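One structure is given here, and the rest of the page talks about it.
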Amino acid sequence: MGIADAQNTKKVLLLPPQLKDDGDFANNTYVYTAGWGYVEFLIIAGALDIAVGSTAEDAPLKVEECDTSDGTYTDVTDAEMAAVVGATDDNKISQIDVNLQDGTHKPYMRVNAPHAGDGTTGANMCIVAILSKPLTGPASAAERGLNEHVIV
């Protein structure tokens, strides 16, 4: 991947970094994928003493999609982790990728309801989506999902 390829991406913060114990993480949101050919979902764990899953701590995290931002989301086939983010998965990054190039996916995607189990401290986590393979490349920091972008 060259410099131009790296700049032809957009980063979207889906779940701001936070600590959660026994419940759903706050402010989980979606990424709008129209005009992009590929999306990577990075699940970034910090310190953990309990598992994290989708809707419940015993269900692996998964990606879901919808035609509108606030409609009814459905699972993206096969876009599910093999297991939950475990209590001993401290400081690890997991990834779920979705190829958008075949045009079969709906434009709004998110990780389904990240949920931490009941631990002593809980789970630190954030989720970032990275869009790539654009139909038209982003020309500014804002179009890349960034506050500022320094290019040397």
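The values are calculated or read from the model by the stated rules, or taken from the named source; none is laboratory data. Computed from a predicted model, the values in this text were never measured in an experiment. Here the Cβ is made from the backbone with ideal geometry for all residues, glycine too, and neighbour counts use every protein chain on show. Accessible surface is based on the protein model in full, side chains and every heavy atom, while ligands, DNA and RNA are left aside. Shrake-Rupley method; radii C 1.70, N 1.55, O 1.52, S 1.80 Å.
A few notes on this one:
So that you can scan it fast, the table gives a plain yes or no per residue for (1) of a type in the set (Val, Ile, Thr); (2) open to solvent by 40 Å² or more (accessible area, probe 1.4 Å); (3) within 25 Å of residue 23 (Cα to Cα); (4) under 14 Å from the mean Cα position of the chain (by Cα):
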| residue | (1), (2), (3), (4) |
| --- | --- |
| 91 | no, yes, yes, no |
| 112 | no, no, yes, yes |
| 127 | yes, no, yes, yes |
| 141 | no, no, no, no |
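- Selection within the stretch 25-70 - open to solvent by 30 Å² or more (accessible area, probe 1.4 Å), of a type in the set (Gly, Ala, Ser) and farther than 24 Å from residue 119 by Cβ: 34, 35, 69
- Test: residue 26 is assigned to a helix (DSSP H, G or I) and not basic (Lys, Arg): no
- Residue within the stretch 94-115 that is in contact with a strand residue (DSSP E or B) (Cβ under 8 Å, 6 or more places away or on another chain) and acidic (Asp, Glu) present: yes
- Remark: pairs (first residue in the stretch 122-145, of a type in the set (Val, Ile, Thr); second residue part of a loop (DSSP other than H, G, I, E, B) and open to solvent by 30 Å² or more (accessible area, probe 1.4 Å); Cβ separation under 7 Å; 6+ apart in sequence or on different chains) = 136/35.
- The stretch 93-104 - residue that is over 16 Å from the mean Cα position of the chain (by Cα) and not hydroxyl-bearing (Ser, Thr, Tyr) and, of those, surrounded by the most Cβ atoms within 10 Å (Cβ to Cβ): 101
- Test: residue in the stretch 39-48 that is part of a strand (DSSP E or B), more than 18 Å from residue 123 (Cα to Cα) and either of a type in the set (A, V, I, L, M) or free of Cβ contacts under 8 Å to residues at least 12 places away in the same chain (or both): yes
- Just one residue in the set 55, 88, 72 is without any contact (Cβ under 8 Å) to a residue 24 or more places away in the chain, of a type in the set (Val, Ile, Thr), over 23 Å from residue 143 (Cα atoms) and out of contact with any helix residue (DSSP H, G or I) (no Cβ under 8 Å at 6 or more places or on another chain); that residue is 72.
- Count of the stretch 12-24 residues which are open to solvent by 40 Å² or more (accessible area, probe 1.4 Å) and within 10 Å of the chain's Cα centre (by Cα): 1
- Residue tally, condition in a loop (DSSP other than H, G, I, E, B) and closer than 21 Å to residue 68 by Cα, over the stretch 94-149: 12
- Among the residues of the stretch 71-89, just one is over 30 Å from residue 120 (Cβ atoms), part of a loop (DSSP other than H, G, I, E, B) and open to solvent by 40 Å² or more (accessible area, probe 1.4 Å), namely 72.
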